[in-house]
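Below is one structure, written out as structure tokens; the observations come after it.
The values are calculated or read from the model by the stated rules, or taken from the named source; none is laboratory data. Note that the structure is predicted; figures quoted are calculated from it, not measured. For neighbour counting, all protein chains shown are included, and Cβ atoms are generated from backbone atoms with ideal geometry for every residue, glycine included. With ligands, DNA and RNA removed, areas are computed over all heavy atoms of the protein, side chains included. Shrake-Rupley method; radii C 1.70, N 1.55, O 1.52, S 1.80 Å.
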Amino acid sequence: AKNALCKNSHRMLEVAATLNCLGVLYFHLPKAETERAMELYVESLAIRNAVHGVDCESTEIATTLNNIGRIYYMKGEHDKALELYRQALRMRRSLLGSEHLDVAATIYNAGQTHHQRGDLVEAMELYKEFLSIARKRLGIHHRDVAIMLKCMAQIHHERKEYESAKQFYEEALSVGKAALGNYHPEVASTLNKLGNLLYEKGDLENAIRVYKSGLEVERAVLDVFHPNVVVTLTNIGQIHKLRGEYQAALRLYKEALAIQRNSLGAAHPNLSATLSSIALIHYQTRSFSKSLDV
């Protein structure tokens, strides 16, 4: 009877593992099916708790808790996400040690959730801990190190600590290029965030230089109609407009508008801001009839 019970428990745990894997699959579909993933994760967790007891700690339970937390994060239920991340992190640290990459993954998830809630102090502490583990385990020139440096830069940026933010963005850019090459979407993202920082500081000359570098990367690695290209074209156009270089600004706004019309359709509300920018330039250059035509 004891042997049969062990076999049954083993089968139940195999079912739990399969359910968790199916949940991961649904979560990572091109269009994530988070509700179905949640059902599968919860069922997997219930089976493991039934076999081991609710107070049992295991790496598999920690993984499922972490996965459920990610869904709560996506749904904007940050308090629930953090509670699950705390449970998962406690288990993972206890079972795997403080410098395991699974520990780092949950630390990142918790930091991201605090960041989203505006808990910048807590987020920064967790980001620093992730960065320390990542550098030791993955090396200093790894994609995850670059991403974390960018996250830390964003916190400094949000606090208006511009010099610190600039240093972190520049380090993220250096590591990102070393890890991913000069032409990668992550490199483009960091360039544009650095450009935004420089723009906010009023350093328009360097901002436009960085935006143009970002645009070059985006054109190389993104679809020609990608919305990020529109954002960067608009950012560069805005600087030209502020400097009174109206024709240069107009060319960029029109290119952005053409992309938007192609990808979104002529009647999409997102076109209104670009159309307004074009109309304003025509007005400022006294091309009144053209401003009405837009």
(request) Quick one: among GLY265, GLY195, GLY237, which has the greatest mean-square fluctuation in a GNM of the chain with alpha-carbon springs under 10 angstrom? (result) GLY265
(request) State, as an integer percentage, the relative contact order of the chain based on alpha-carbon contacts under 8 Å between residues 6 or more apart. (result) 7 percent
(request) Convert each backbone phi in the stretch 13-20 into a coupling constant with the Karplus relation 6.51 cos²θ - 1.76 cosθ + 1.60 (shift: θ = phi - 60°), then list the ³J(HN,Hα) values in order as whole Hz, x for Gly and Pro. (result) 5, 5, 4, 4, 5, 5, 4, 4
(request) Report Rg(Cα)/(2.2 N^0.38 Å) for the stretch 1-85, keeping two decimals. (result) 1.16
(request) With a 1.4 Å probe and every protein chain left in place, tell me how much accessible area ARG48 has, in Å² to the nearest 10. (result) 20 Å²
(message) From the phi angles alone, apply the Karplus equation (6.51, -1.76, 1.60; θ = phi - 60°) to the stretch 206-213 and give each ³J(HN,Hα) in whole Hz, x where the residue is Gly or Pro.
(response) 6, 4, 5, 4, 6, 4, 5, 5
(request) Please get the size of the charge dipole for the stretch 64-185, origin at its Cα centre, with Cβ charges of +1 on Lys and Arg and -1 on Asp and Glu, quoted in debye to the nearest 20. (result) 280 debye
(message) Using DSSP to call loops (not H, G, I, E or B), can you name the GluC sites (Glu not before Pro) in the stretch 44-130 whose Cβ has at most 15 other Cβ atoms within 10 angstrom?
(response) GLU57, GLU77, GLU99
(request) In whole angstrom, note down how far apart the Cα centers of the stretch 33-95 and the stretch 196-244 are. (result) 41 Å
(request) Using only the Cα atoms of the stretch 135-248, build the gyration tensor, take square roots of its eigenvalues as a ≥ b ≥ c, and label the shape rounded, prolate or oblate: rounded if a/c is under 1.5, else prolate if a/b is larger than b/c, else oblate. (result) oblate
(message) Restricting to Cα pairs below 8 Å that are 6+ residues apart, what does the relative contact order work out to for the stretch 24-177? Please round to a whole percent.
(response) 13 percent
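Ignoring ligands, DNA and RNA, what percent of the 1.4 Å accessible area of the stretch 146-275 is carbon and sulfur? Mind showing how you got there, number by number?
Numbers: 3050 of 6060 Å².
Using a 1.4 Å probe with all protein chains present, the stretch 146-275 comes out at 50 percent carbon and sulfur.
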(request) With a ≥ b ≥ c taken as the square roots of the eigenvalues of the C-alpha gyration tensor of the stretch 37-76, please select rounded if a/c is under 1.5 and otherwise prolate if a/b is larger than b/c or oblate if it is not? (result) prolate
(message) Could you work out the relative contact order of the stretch 99-235? I mean the mean sequence separation of Cα pairs under 8 Å and 6+ apart, divided by the number of residues, in percent.
(response) 16 percent
(message) Only Cα pairs within less than 10 Å get springs; with that Gaussian network setup on the chain, which residue of LEU280, LEU19, LEU45 has the largest fluctuation?
(response) LEU280
(message) Please give the charge dipole size of the chain, origin at the Cα centre, charges +1 on K and R Cβ atoms and -1 on D and E Cβ atoms. Round to the nearest 20 debye.
(response) 440 debye
(message) At 0.36 nm per residue, and after removing the present C-alpha to C-alpha distance, how many nm does the segment from SER98 to ARG135 gain when stretched out fully?
(response) 11.9 nm
(request) Would you work out which of ALA46, CYS56, LEU89 lies farthest towards the positive end of the dipole of the stretch 26-103? Charges go on Cβ: Lys and Arg +1, Asp and Glu -1. (result) LEU89
